[in-house]
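Here's the structure, in structure tokens; my notes come after.
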Amino acid sequence: MAEAGTSTSHVKSAMRTLDIIEYVVARGGPAVAQEIAGALAIPVSSLSYLLATLVERGYLARAGRNYLPGPGLQRLQARSEPTLEDRVAPLVRALRVQLNETASFFVRDGWQLQTLVTESSEHALRYAIAVGARAPLHGLAAGKAILAAMPDEEVERYLRESRRESFTEATLVSAADLRREIARTRERGYGRTGSEYSVGIEGLACAAMAGGEVIGAFAVAVPSVRFDPGMEQRVAGLLMRTAGLFEG
């Protein structure tokens, strides 16, 4: 029994170590220990030891209270630029860890969304979507966030050209309804759906920008039974912060 417990502990430590490296690299800027602990749900006592070890081995560098990617990472890096999937995966994982709800990153494919990265909640009741799956822009919060980040002329072209199916009684399909929803999304800073694609699932999403262009959207899906105004505020705050980390 002791050996099994020790093995499990070692695996958890290894996973946490990799999560820390991936998060700091994806962060793209300095991160303090408190931020890392909160993002990855690692106890401060364990985090301090892991950070010290990573700094000692050169995988992280410390400047005052801040942690940055260290020179030791060059020994592990392939001689190519990280893909978009590489960049967003640690941020999606951090969202899932903090919320224990399904978190994903979507990219636009014409007038549809495609799932690039997803991490499923550990709850028995959860929303799940496969990597590579496609869904309509108008049905998901990620689609609304992307639409809201697009120029008005592109939105109008979408409204003219797209065929919008009703998936539930709550699905918004008319051009007038979607224009109003896009305006609301721009005002609050995140996309929102409620049982519009899947009954009983609430979705929130925030567009990810780079160089003034919309690259995709981070999204979180929560079963309605676990969703309330407090949860919406927390999810929205984390999504906007995550999108800011990607852009920054």
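The values are calculated or read from the model by the stated rules, or taken from the named source; none is laboratory data. Values in this document were obtained by computation on a predicted structure and should not be read as measured data. With ideal geometry, Cβ positions are generated from the backbone for all residues, glycine too; neighbour counts draw on all protein chains shown. We work out accessible area using only protein heavy atoms, side chains counted, and drop any ligands, DNA or RNA first. Shrake-Rupley method; radii C 1.70, N 1.55, O 1.52, S 1.80 Å.
The numbered conditions (1) assigned to a loop (DSSP other than H, G, I, E, B); (2) among the charged types (D, E, K, R); (3) within 25 Å of the chain's Cα centre (by Cα) are all true for Glu169 except (3). Looking at Arg157, Arg163, just one residue is among the charged types (D, E, K, R), open to solvent by 10 Å² or more (accessible area, probe 1.4 Å) and touching a Phe, Trp or Tyr at 6+ places or on another chain (Cβ under 9 Å), and that residue is Arg163.
Selection over the range 44-71 of residues that are over 18 Å from Ser13 (Cβ atoms) and surrounded by 12 or more Cβ atoms within 10 Å (Cβ to Cβ) gives a count of 7. Per this entry, Gln34 is counted among residues that are open to solvent by 50 Å² or more (accessible area, probe 1.4 Å), at pLDDT 90 or above and more than 28 Å from Gly143 (Cβ to Cβ). Here Glu85 passes the criteria (1) open to solvent by 50 Å² or more (accessible area, probe 1.4 Å); (2) modelled with pLDDT of 90 or more; (3) in contact with a helix residue (DSSP H, G or I) (Cβ under 6 Å, 6 or more places away or on another chain) except the one numbered (3).
Of all residues being β-branched (Val, Ile, Thr) and more than 16 Å from Cys206 (Cβ to Cβ) in the range 123-154, which is most open to solvent (accessible area, probe 1.4 Å)? Just the residue, please. Per the stated criteria, the residue is Val131.
For the range 176-216, filtered to residues that are touching a Leu at 6+ places or on another chain (Cβ under 8 Å) and among the hydrophobic types (A, V, I, L, M, F, W, C), the residue that is nearest to Glu247 (Cα to Cα) is Ile215.
Picking from residues in the range 110-122 that are open to solvent by 30 Å² or more (accessible area, probe 1.4 Å) and under 18 Å from the mean Cα position of the chain (by Cα), the one that is farthest from Val214 (Cα to Cα) is Glu122.
For the residues Gly237, Gly203, Gly230, Gly216, the requirement of being open to solvent by less than 40 Å² (accessible area, probe 1.4 Å) and assigned to a helix (DSSP H, G or I) singles out Gly237.
Checked against the criterion of being outside any loop (DSSP other than H, G, I, E, B) and in contact with a Phe, Trp or Tyr (Cβ under 6 Å, 6 or more places away or on another chain), the candidates Ala183, Ala208, Ala176 yield just one match: Ala208. For Gly5, the criteria (1) open to solvent by 50 Å² or more (accessible area, probe 1.4 Å); (2) at pLDDT below 90; (3) part of a helix (DSSP H, G or I) hold in every case but one, which is (1).
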